[in-house]
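The next block holds one structure in the form of structure tokens; read it before the comments.
The values are calculated or read from the model by the stated rules, or taken from the named source; none is laboratory data. No experiment lies behind these values; they were computed from the predicted model shown. Reconstructed Cβ throughout: ideal geometry from the backbone, glycine too, with neighbour counts over all protein chains shown.
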Amino acid sequence: MVIHLLFGQITPEVIISKIFHYHGQFAMTEYDIADLYGLPLSTFRELLEPHRDLFDEEFAFQINTMEELQSISNRKGKIFGKFLPVQCFTEHGIYLMASILPDAFDYRIHQEILRIFAILQEAHS
């Protein structure tokens, strides 16, 4: 399935390229989730900020070193030479995100992300 958006398209390959396996879970970085939904990272963070307490370790975790980040992603995570911790969300976290922020997300992208997570989980087990 190719999702056609106003300024481009999102293919399953694009989504798969943003998912990584880390400590037994599939997850995505906040950078990549915001990118898929066409949101600036700052807007994405602002939308989630009032709900941060809902995201325990089953739903989200933080990458705290550049070495960890480089092992899972090609993202740089540096701003002005300083590493900033990166929030990552598991499949459960992405489900939760869509339930608390439904207006911020295009349901087609959300459905495709969740389909791909399910396929990856099945293939991995």
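Numbers for the structure displayed
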quantity	calculated
Failed condition for ILE63, given (1) over 23 Å from ALA118 (Cβ atoms); (2) modelled with pLDDT of 90 or more; (3) β-branched (Val, Ile, Thr)	(2)
Number of the exception - GLU91 against (1) modelled with pLDDT of 85 or more; (2) among the charged types (D, E, K, R); (3) over 17 Å from LYS18 (Cβ atoms)	(3)
ILE33, sole failed condition from (1) farther than 22 Å from GLN121 by Cβ; (2) modelled with pLDDT of 85 or more; (3) not polar (S, T, N, Q)	(1)
